[in-house]
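Here is the structure we will look at.
Nothing in this text is a laboratory measurement; each read-out follows from the coordinates by a stated rule. This one's a predicted model, so the numbers in the text were calculated from it and none came from an experiment. Note that each Cβ is placed from the backbone with ideal geometry, even for glycine, and that neighbours are counted across all protein chains shown.
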Amino acid sequence: MTAGGMERAVTYAVLALFSVLAVTPILVILLAALHPPGALLTGVELPHTLSLSTFRFAWDTGGFGRLMASSLLVSAAVVVLTTLLCIPAGYAFGTMQFPGATPIFYVMLAGMVVPFESLIVPLYYTFRDAGLTDTYWALILPQTGLSISFGTFWMRAFFRSVPAELADAARVDGASSWRVLWRVLVPIGRPAILTMVVLVFMWTWNEFLLALVMISDQTHRTAPLGLSTFQSRYGVDVPSVSAAAVLVAVPVVIVYLLTQRHFLRGMLAGSIRG
Amino acid sequence: MTSIGFERVVKRFGHVTAVDGLTLDIAGGEFMVLVGPSGCGKTTALRLLAGLEAVTEGRITIGEREVQGLPPRRRDVAMVFQDYALYPQMSVYRNLAFGLESRKVPRAEVRAQVEQAAKRLGLDELLDRKPRELSGGQRQRVALGRALVRHPQAFLMDEPLSNLDAKLRVDMRAEIAALQRETGVTTLFVTHDQVEAMTMGDRIAVMRAGVLEQVDTPDRVYAQPANVFVAGFIGSPAMAFCDFTAQRQGDRFSLDNGLLRLEVAAADLPETVTAGLRPEHVRPWSGDGAMAGPFDGVVESVEVLGRETFLGLRAGDGVRLTARLEGSARHELGERLQFGVQRGTAHLFDASSGAAIAHAV
Amino acid sequence: MFALFVIAPMADGAWISLFRWDGVTSGTWVGLGNYRAAFEDAAVRTAFGHSLVLILFYAVLPVAVALSLTGLLVHSRVRGVAAVRTLIFLPQVLAAVVVGVAWRWLYDPEGPINQALAKVGLGSLQHSWLGDLSTALPAVGVIGSWITTGLCLVLFMAGAQRIPPARYEAARVDGAGPVREFFAVTLPGLRNELAVALSLTVIAALRAFDIIYVTTKGGPGDATTVPSLLIYTRAFVTGQVGSAAAIGAIMGVLILTLVVLITRLIEERP
């Protein structure tokens, strides 16, 4: 019994240690952001007065209102497109047999692991030739393309996990394939779909390289790109840069905290795309 | 009332032939049970009828219509699944209504139908519940209700009772049989349980390895099995088989294998035959003239069920029989026992083909 | 209606084919020369060498730490770790740019790490962590470890919870000690999780663009230059588009190969 108690204590200690390690850098940044703009810091210092003025300063000078709006628009578009395309595609891969299904599926799997870093050069020149750089399309379309790989894989796994009898029952009950999908399977799949939505949202919101390459004008920048620019301009102003970083992180962290069960499940269930 | 016909139906999955030339006619209003060991193709046959699988060859008719090209929703059949397949996110009401709504039945009509079916099955109190809030028996009723409410041409049932506990299963057997008689809807019921088959079916169809072995009323399948397989499959404990050399003696034949000797009346027999003996015709020797014997055996197993007792007997190499005794008889494992076989009860089969030659001889 | 089912794979196929198109066009420019040049290019080799070091920090170290901890803690089925899990997993959620900004401050000569060293009397170790040729790459690597360790730990602990207790009981009845138990029960039970963790972290290490772009831009000198950074600078700064495309292709093939290899080696069913 005491051995078990010991072990339990060690477990908690280890978990606590790792939690602290995980959180410290975040707390350090939060703390720095509470100092007034332009303050020169040495390591971890408690601010003399508590004020959120730095956030306001970073928000205004960095133009984060506009940046956030861009990011939100792009993320929403990618999420909607991905969901609309992946549900039927996953349904097809998961429940039907059609010629070429296996090779197409393997190509999609490859799409899950190949990162933007490998694709960015051809992507950029294609979009430049199409005159689409410096538009939201340059962000939405490639991101949707890569998300579809994961989304289809994920929804296929979901549709495979649903007992085949359920779809059979609906078909015998007189439902068309379309009705089986939207009336019977999709309502059951809400948790799986939500997982896909939050993961795709996070990936899109956090994507940096694509925005860096595709976007050079002010109006279409996304939040991470804005943060990077802000940092190179105000690098020495630690409180303001920290505040900007916090601002960029907040939406994703909120979504994460609200839906963390789905986050973890999605990442743990073997999503290969990181 | 709608008749159903399978005509030389073949279904192959790749190189595997699941259903091999099935021809079966189900009369309008009949309760047909399709029974066989797992993997015999009975569920595939049902799914072919429902339209959930496409036939490879042959014709399937529902009423006058040839249906093998039609999707399930155009066949107007209702199906009850092994795991019920209730829609988990829908209430009982919506589960029952789904099929009617899929067929664009007017709303008021749907409500009337659902309420009528719910009442018949005692589900009226449960209409707002979700499937996960129901017991196994209640789920089973909802699954039945979903079929009932549609007033289909045929009920297809795929081992619907296999997930229920033993007592509930007996109740639902009676209930399903009663429902079917009431509605008169032609029914194809698939099961691997020969007791279910015997108790429920107007006729039963026995399948093995994709091939239909026999179709007949339950008592005829039991009393006159078409071959060794059917004889061994129907009846529990199973019929015992042993091979004999047959010798004509006047108008009778004497069967001998060195351990047992039977005399049977038959017109003609091949040199070697397989004889099948049911447990109820093998008993400890009592000197009764209606019995052939006595034979020597060793008790190998004892199954005391209270009302009756089954003894596994070994009468030398390879000859094993089961004997049925009234009440709970006391016998020890390894005990030597003299037993007899009731005259005029043997089933004879061709030793090589397994086909039946004579019954009750 | 069936068309809709095909559109989605097609859209994806289009992106993949872009990747092939890239091979074709670079072929029309200099043939395979780009690839040959890439293999002979010292800068490219250095960059992939750095990737190897990053794999150590991003993948090997976190997986090893998380695995041994899981082995150690496997019997204490603690309740209420949800909060802990939320925290440990948090670094995985943040944008890499945000993480880079945070760690740049941590590593700053005036930053918290040097401050902490001074506090505990190790002032002599104070350092411009990201500015020093010898420490820049490991410093970046540590950021990677910070991001991925939580992921590995959460993955393995969740996996270990799913190993049926009867297997441990059987091992104990068979007389296995803690070490044999780890290799006979825990490790095989975590096969799938191990494959996922390694795939995710190796990919992260090979990409690693955002963090490096924000913290060091590959410097000082080429101390932290990685392939993804080379792709970016060559394609969009110095105008060596063909070369960048070739490096991109090599990287894509490398990642694919590694992931297939990892999955094949570890998972029970390929």
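Neighbour counts of C-beta atoms inside 10 Å place C:HIS50, C:HIS127 in the sequence C:HIS127, C:HIS50, starting with the fewest. Exposure proxy for B:HIS281, A:HIS48, B:HIS331: other Cβ atoms within 10 Å of each Cβ, ordered fewest to most, give A:HIS48, B:HIS331, B:HIS281.
Residue by residue, the range B:108-122 carries 3J(HN,Hα) couplings of 4, 4, 4, 4, 4, 5, 4, 5, 5, 5, 4, 5, 4, 9, x Hz when phi is fed to the Karplus relation 6.51 cos²θ - 1.76 cosθ + 1.60 (θ = phi - 60°); x denotes Gly or Pro.
Within 10 Å of the Cβ of each residue in A:13-23, the mean number of Cβ atoms contributed by other protein chains is 6.
Label point of B:GLU326 set 7 angstrom out along Cα-Cβ; within the range B:278-309, amide nitrogens under 20 Å from it belong to B:278-292, B:303-309. As a rough guide to protection, the peptides C:154-160, A:214-220 ranked by mean Cβ packing within 10 Å, highest first, stand as C:154-160, A:214-220. With contributions of -39500 (n - 2.57) from each DSSP H run of at least four residues, the per-residue ellipticity at 222 nm computed over chain B stands at -7000 deg cm²/dmol. FRET efficiency for the A:VAL80 to B:ALA223 pair, using the beta carbon distance and R₀ = 41 Å, is estimated at 0.05. Given R₀ = 41 Å, FRET efficiency for C:ARG172-B:ARG59 by Cβ-Cβ distance, to 0.05? FRET efficiency, C:ARG172 to B:ARG59: 0.10.
So for each of A:178-191, C:175-188 I average, over its residues, the number of other beta carbons within 10 Å; can you give me the resulting order with the highest mean first?
So the peptides A:178-191, C:175-188, ranked by packing, come out A:178-191, C:175-188.
Rounded to the nearest 10 degrees, what's the angle between the helix B:92-102 long axis and the longest principal axis of chain B, both from Cα atoms, 0 to 90? Around 80 degrees separate the two axes. Which distance in Å, rounded to a whole number, links the C-alpha centroids of the range B:234-284 and the range C:174-247? When both Cα centres are located, 77 Å separates them. Amide H contacts for B:ALA358 (H built 1.01 Å from N in the peptide plane; partners 5 or more residues away or on another chain; cut-off under 5 Å): B:LEU348.
Taking the centroid of alpha carbons for each part, the range C:58-127 and the range B:1-15 are 65 Å apart. With the simple spin-label model, which puts each label point 7 Å out from Cα in the Cβ direction, the B:VAL16 to A:ILE254 separation comes to 5.3 nm. Averaging 1/r across all pairs of distinct Cα atoms in the range B:4-76 and inverting the result yields a Kirkwood radius of 12.5 Å. Residues of the range B:281-307 with an amide N closer than 11 Å to a point placed 7 Å from the Cα of B:ARG314 along the Cα-to-Cβ direction: B:298-301.
Here each label is just a point 7 Å from Cα along the line to Cβ, and for A:LEU194 and C:ASP41 those points are 4.7 nm apart. Fewest-first ordering of C:MET251, B:MET172 by other beta carbons within 10 Å of each residue's beta carbon gives B:MET172, C:MET251. Residue by residue along A:24-34, Cβ atoms of other protein chains within 10 Å of the local Cβ number 4 on average.
Near the amide H of B:MET291, within less than 5 Å, lie the amide hydrogens of B:ARG343, all on another chain or at least 5 residues away, with H placed in the peptide plane. With both labels modelled 7 Å from their Cα along Cα-to-Cβ, the C:ALA64 to B:ARG94 distance reads 5.4 nm. Applying 1/(1 + (r/R0)^6) with R0 = 25 Å to the Cβ-Cβ distance of A:VAL23 and A:ASP60 gives a FRET efficiency near 0.30. Stretched out straight at 0.36 nm per residue, the stretch from A:LEU30 to A:GLN97 would grow longer than its current Cα-Cα span by 18.9 nm. Quick one, could you list the DSSP H helices from chain A stretching 18 Å or more along their long axis (Cα atoms) with average Kyte-Doolittle hydropathy of 0.0 or above? Counting only whole DSSP H runs, the qualifying helices are A:2-33, A:64-95, A:101-113, A:116-129, A:137-161, A:190-206, A:238-258.
Per-residue Cβ counts within 10 Å, from other chains only, averaged over B:157-163: what number is that?
Mean inter-chain Cβ contacts per residue within 10 Å come to 0.
In terms of the mean number of neighbouring beta-carbon atoms within 10 Å, the peptides A:6-14, A:198-206 order highest first as A:198-206, A:6-14.
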